[in-house]
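Structure first, commentary second.
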Amino acid sequence: MKIRDMFGRKNTIEKLSLRELQAEEIRLRNRLERLKKDINQIEKRKKQLFQEGIGADKLKKKMLAQEIKSLDMEQKLKLKDFTTAQKQYTLIKNLIIVKKYEKELRKTGVWEKLNSVEPEELEQALIKINLDGKEFDEMVDSLNRVFEMEVAEFEETEDQTERELMKAWSQVEAGEADVEDVAEKVVSIDRRLEEDEEL
């Protein structure tokens with residue numbers, strides 16, 4: 001079963017079974033091993049082709065260069081798959097740990113927080129942290145910290161936006177700036193997209 005099927009829009013952490021999660025963990029671990037092996041084989045082949053080019057004529061070098069570039073692209077795609085699978089593996093490992101401590105988490109109130117969060121947000125939060133090998137109290141602290149950070153980040157963004165709007169309004173009201181120019185700078189979606197690209 002795929003992560004999206006297990007952890008889709010309708011599924012809550014409540015509905016996930018420990019057995020399904022453990023099966024997914026094994027599937028992902030095997031996938032990571034295969035991808036790692038493929039990446040290493042490509043690397044080895046690229047080095048081998050490079051060696052073949054030493055002392056070869058120009059045409060042979062051009063042919064080898066094309067093959068190396070092709071392998072390089074394949075390797076980058078495999079690496080991207082590996083990174084995605086690694087994030088999924090971290091998510092599943094963390095979900096397994098959370099499910100194992102379900103009873104204790106219910107007592108602390110953290111379970112309700114986990115259940116009330118949108119699946120996408122919970123997924124991102126559980127990818128950011130590593131619960132493996134932590135004691136129960138450390139795990140609860142880590143989970144709470146993620147929720148606190150998300151609230152703090154949201155509040156920080158809100159404060160920044162509010163400050164920019166207040167400054168813009170006072171500039172326009174004082175006649176220091178044109179309404180259209182300020183609106184373009186402060187509320188333009190293009191500006192937001194540019195800021196996102198810079199991050």
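The values are calculated or read from the model by the stated rules, or taken from the named source; none is laboratory data. In this text the structure is predicted, and so the values were computed from the model without any measurement. We place every Cβ from the backbone using ideal geometry, glycine too, and count neighbours over all the protein chains shown. Each accessible area value is taken on the protein alone, full model and side chains, heavy atoms only, with ligands, DNA and RNA left out. Shrake-Rupley method; radii C 1.70, N 1.55, O 1.52, S 1.80 Å.
What the table below lists for this structure:
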| read-out | value |
| --- | --- |
| Residue check, residue 71 in contact with a Gly (Cβ under 7 Å, 6 or more places away or on another chain), part of a helix (DSSP H, G or I) and farther than 30 Å from residue 120 by Cα | no |
| Tabulated pairs, the stretch 55-81, first of a type in the set (Val, Ile, Thr), second open to solvent by less than 70 Å² (accessible area, probe 1.4 Å), C-beta under 7 angstrom, 6+ apart or interchain | 68/46; 68/49 |
| Selection status of residue 138, farther than 22 Å from residue 20 by Cβ, touching a residue at least 12 places away in the same chain (Cβ under 8 Å) and part of a helix (DSSP H, G or I) | no |
| Test for residue 114: is it in contact (Cβ under 8 Å) with a residue 60 or more places away in the chain, farther than 18 Å from residue 24 by Cα and assigned to a helix (DSSP H, G or I) | yes |
| Residues of the stretch 79-98 satisfying the condition of being surrounded by fewer than 18 Cβ atoms within 10 Å (Cβ to Cβ) and either more than 19 Å from residue 127 (Cβ to Cβ) or of a type in the set (D, E, K, R) (or both) | 80, 81, 87 |
| Which listed residue, of 178, 190, 137, is modelled with pLDDT under 75, more than 21 Å from the chain's Cα centre (by Cα), open to solvent by 60 Å² or more (accessible area, probe 1.4 Å) and outside the structural domain of residue 18 (by the TED database) | 190 |
| Flag for residue 33 being modelled with pLDDT of 90 or more, open to solvent by less than 40 Å² (accessible area, probe 1.4 Å) and among the charged types (D, E, K, R) | no |
| Condition met for residue 43 (out of contact with any Phe, Trp or Tyr (no Cβ under 7 Å at 6 or more places or on another chain) and closer than 27 Å to residue 94 by Cβ) | no |
| Given (1) assigned to a helix (DSSP H, G or I); (2) more than 19 Å from the chain's Cα centre (by Cα), index of the condition residue 56 fails | (1) |
| Residue satisfying all of: in the stretch 1-30; open to solvent by 80 Å² or more (accessible area, probe 1.4 Å) and modelled with pLDDT of 85 or more; nearest to residue 89 (Cα to Cα) among these | 29 |
